[in-house]
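Scroll down for the structure; my scribbles are underneath it.
The values are calculated or read from the model by the stated rules, or taken from the named source; none is laboratory data. These numbers come from a predicted model, not from an experiment. Cβ atoms come from the backbone with ideal geometry, glycine included; neighbour counts cover every protein chain shown.
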Amino acid sequence: MRQHQDCFYYSPIDVTHGVCRVSGDPVLGDKEACDQHRPLLRCRDCAHYSPDSQQEMGICRGFGGEYWTIPSFNATTCEKFAPGEE
Amino acid sequence: MSNWERNRKILAEKGLLGGREKSMGDEEPQPREICPSAEVMRQRFFGALSSADVEFPYWYTRTWNQWEGEVPVVRRARALKAAFSHLSPNVIPGEKIVMQKTRHMRGSFPMPWLSESFFLAKEDELYQQAAACGSASADELSQFGSGGGNVTQSFGDVVSIAGKFGMHKQEIPALIRLAHEWQGKSVEDISRRYEKMSPHFERKENLMKSLVCMFDSGFTLPLGREVIDYYLPLSLGFEGIKRKAREKMDEVFGQASGDGIRGMDRFYFYHASVLVVEGIQKWILNHRDQCLALAQDPKISDTQHYREIAERLDWIACNPPRDFREALQLSYIVHIASLNEDAISGMSIGRLGQVLWPWFEQDIASGAICEDEVLELLQQYRVKITCIDCFASAGVVGGVLSGNTFNNLTLGGLKKDGSSAVNRLEWLIVEAGIRCPTPQPTLSVLYDERLEEGFLRKAIECVKTGAGYPAWMNNRVGMDFLLEQYGPEGMNREDVRAIAIGGCLETSPCIWHAYERNGKRYDIPGGAGQPTSVGVHFLALPKLLELALNDGRDLRTGLQVFPAHGKKATSYRELWQAFCELAEQAMQVLTRANNLQHDIWRKNNPAVFNSLLKPDCLETGLHVGLMGYRFNATFNVESCGTANLVNALASLRQNVFESQQFTLAEMIQALNANFGFVPGSLFERQPGGERFDREYAACLAAPKYGNDDPLVDSILVDYEQWFARATRQCESLYGKKMYPCQISVSTHGPQGAATLASADGRLSGVTYADGSMSAFPGTDRNGPYALFESATGWDHASSQNSQMNLKMHPQAVAGEEGTRKLLALTRAYMRKGGFHIQYNVVDSNVLKRAQEHPEAYRDLMVRVAGFTQYWVEIGKPIQDEVIARTEYRRF
């Protein structure tokens, strides 16, 4: 399910909720996104990312070598982000 | 439905919405209205949880690991650069002052390189190891308020961390991983390894476990309780700072310049400075880019707003500000960048009205901005500063800080030439504080006889709103202290006039910077000293007396804190000497342990951004840890429970040694039996508890501090003179003599909880009196002027501060007459030589109702001990103490 917190228009206020930049409404981050949804880039969307054997973690190979990461990290500020396969 | 209504709806759904009846007297005019944009922000704040995430520590740790073997200060700078560069941007809709510590409006993050265990789940092995250490003892007795933004319990996808912060469960695996990566490498762990080599290690541990001392400072809050300096970013801009650092790199490369120990370090510091500034620039530009993307998005309605913000950020990421808007925004960014570098509380703003005066004065004169817009920006600024959280342990954030971060803003005082420094911008800052009541920035007035009467009345008007600010500090007393403490480092009569308050009320050394704008010359004040309230924090004075009476043994924990001597005092003088000896031993042991912690911190975790901001690091190439700051004699010894100590000594002197109504052994037995009461109860007696009724009655009837009583007041004078001497026997790691700091912050709650009954009639576990000059609640029976007589028998300039809280019923200060009387009262205390006074103007009945129905009092604020905080975010012991404070209805 696409969630509000995975949207470019979502402005986080706290760990539970934020403000939608399009509607101006406060929204809960884990609720289903609306039809205005614009995906925010996450580590899991990157070609350098692969899931780890531990379900909640992943591996990043974007900076040479391997380092752990978590799939939900925001990747918009990552200089090594490369779009992965859909 | 409007946005505001929608916001309230979602807050109501989360159970976070509250409204309340007015707490002010009916006859008092209501405060002017908050501006709509600031009110939207404030309502958002009311609904915001204290949120933590691991973005910053992830990138910091990853880069730190990548650069193993690099020179420590450069390695740290690379880690900081990566962390700043990768923080998610979030320009929150409607805000004109933008950016915050993290992506969340009220966000913070752990710094496992300082301390990596306290935030883990209790089942984690690391947590359990840490819990066995003395430094974790304060956590057990510290309480957060369960309301407001505190996440005291996990719920849904949110995990409660360290009893206050909420983190999304998706990030918990990363949190645990980060903590384990720093195991054995954090400042705390390395310090502990070396502390164990101390011959006094066991005693130090016992001092912490018994809560004689509240916390270690080297790995909890290594910076803060100081005044920031915005001058370099405001005058040079970030590119200018980098240019200067690069020029210096060329100049000092490979040269010791006569300093064989530190000379070669300069090059690395300059290199580190460039790296960190680059990271902060990227952080700003990431926000600019977000604004640009939003400004070009057809779905966004307020594109012009985002375009303006983008242009502002684009400019100040590199250049000095061109106008007031940019100057205020840049000063705020510098502030939060400083707070992201280390775990910091009390990085105070200083004299912002004077720092920003060149831009304000000229922009108003040219019509580039109007006062209404300045007022709006200042109100938004208040909410932004209120959002600043500090991620630290429950003992520190709950037990000491009560969730506040003490970003104090100083008003008044003198200019460099000795004339009043009050200006029109300071009036507007007070007005913003009236219109937009938020805990931060708290305001402090440096009271001087030269200040304009109108401004003083304006500040009193603000006090009367019940906001708890401004506090009043005695400018002359503060300057006397600074000259004495920092004279040996070159402070002169002009420097001292730049004085400002760091943290709650830590008098801090500052200097003047010459600045020219459009051909007009200004003197801008800024902080120039190391952190204060680092060293020994806090000494529980009644607890030390308890140990002196019990042969060095802490009956609560069963620990023999000091070696047993087997002697019983046969005179008051002997008892006093026994107390002094134990206290001096404690100070020495704790000073050495904290010196070591700070030494590890400066070696492995040196401050780069904070260093470069202050004189003279960028000139000398030496960071704070290498004494690059102008003034370095800042470490101190903080005390707690002064009034209870003095009252207990008076009681013992009168009841045991003078009237000989009881033997000392009888009195000790009564104290250790809690006068026959069940521990934790004010009313329930233990079986046979009545046998201590005589002792209890005599202790309650003994003379009390705050009533102009010669016996008690002479004990206070003896104590203050001894404390001033004893603290100066302690030496900081910078080779400077230490000094007294006499504020309790919130430690009077947990340290009171750890203390058995005392001879003043205080029962076991009861919170101490707040501050140092406040009377114990209900014991000051002769009015405030008698309290002032008691408080001013000693020289307040011998201490960094003293602290006096008074609680006034709103009716006592109602109307014009009330304003006049409250100003006269304040002036009377200042003229008698008191250093500090602050007021709660509130009806105690409102506080009692707020305790019963916190959901209806989300916006109620009270003054605790040096800071204002939302009632619902304060732990119950401190709430009880504020309720119990003597409420003056007439004076």
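For the reader, a short list of remarks on this structure follows.
- Counting only helices (runs of 4 or more DSSP H) that fall entirely inside the stretch B:560-633 and contain at least 2 residues that are acidic (Asp, Glu) and at pLDDT 95 or above, the qualifying elements are B:572-604.
- For the stretch B:141-180, taking the residues that are part of a strand (DSSP E or B) and free of Cβ contacts under 8 Å to residues at least 12 places away in the same chain, the one that is farthest from B:Asp880 (Cα to Cα) is identified as B:Phe155.
- Hey, B:Thr102 assigned to a loop (DSSP other than H, G, I, E, B) and within 18 Å of B:Glu171 (Cβ to Cβ) or not: yes
- Taking the conditions (1) away from chain A (no Cβ under 12 Å); (2) buried (at least 24 other Cβ atoms within 10 Å of the Cβ) in turn, B:Glu33 satisfies each one other than (2).
- Hey, B:Lys807 closer than 17 Å to B:Glu887 by Cβ, in a helix (DSSP H, G or I) and basic (Lys, Arg) or not: no
- Members of the stretch B:161-180 that are within 11 Å of chain A (Cβ to nearest Cβ) and surrounded by fewer than 20 Cβ atoms within 10 Å (Cβ to Cβ): B:Lys169, B:Gln170, B:Ile172, B:Pro173, B:Ile176, B:Arg177
- When the test is whether a residue is more than 10 Å from chain A (Cβ to nearest Cβ), within 25 Å of A:Gln3 (Cα to Cα) and outside any helix (DSSP H, G or I), B:Gln183 does not pass it.
- Subset of the stretch A:1-33 that is over 20 Å from B:Gly94 (Cβ atoms) and hydrophobic (A, V, I, L, M, F, W, C) - its residue that is nearest to the other protein chains (Cβ to nearest Cβ): A:Val15
- Residue check for A:His4: modelled with pLDDT of 95 or more, within 13 Å of the chain's Cα centre (by Cα) and either buried (at least 19 other Cβ atoms within 10 Å of the Cβ) or closer than 25 Å to B:Gly279 by Cβ (or both): yes
- The single condition from (1) at pLDDT 90 or above; (2) more than 14 Å from every other protein chain (Cβ to nearest Cβ) that B:Phe144 fails is (1).
- Scanning the stretch B:674-707 for residues being crowded, with 18+ Cβ neighbours inside 10 Å and on the phi > 0 side of the Ramachandran plot gives a total of 4.
- Counting residues in the stretch B:9-32 that are within 30 Å of B:Asp302 (Cα to Cα) and at pLDDT 95 or above gives zero.
- Residue check for B:Ala77: more than 14 Å from every other protein chain (Cβ to nearest Cβ), part of a helix (DSSP H, G or I), buried (at least 24 other Cβ atoms within 10 Å of the Cβ) and at pLDDT 95 or above: yes
- Test: B:Val355 is surrounded by 23 or more Cβ atoms within 10 Å (Cβ to Cβ), more than 14 Å from every other protein chain (Cβ to nearest Cβ), out of contact with any Gly (no Cβ under 9 Å at 6 or more places or on another chain) and aliphatic (A, V, I, L, M): no
- Scan of the stretch A:39-62 for residues that are surrounded by 15 or more Cβ atoms within 10 Å (Cβ to Cβ), within 9 Å of chain B (Cβ to nearest Cβ) and farther than 22 Å from B:Ala52 by Cα, ordered by number: A:Cys60
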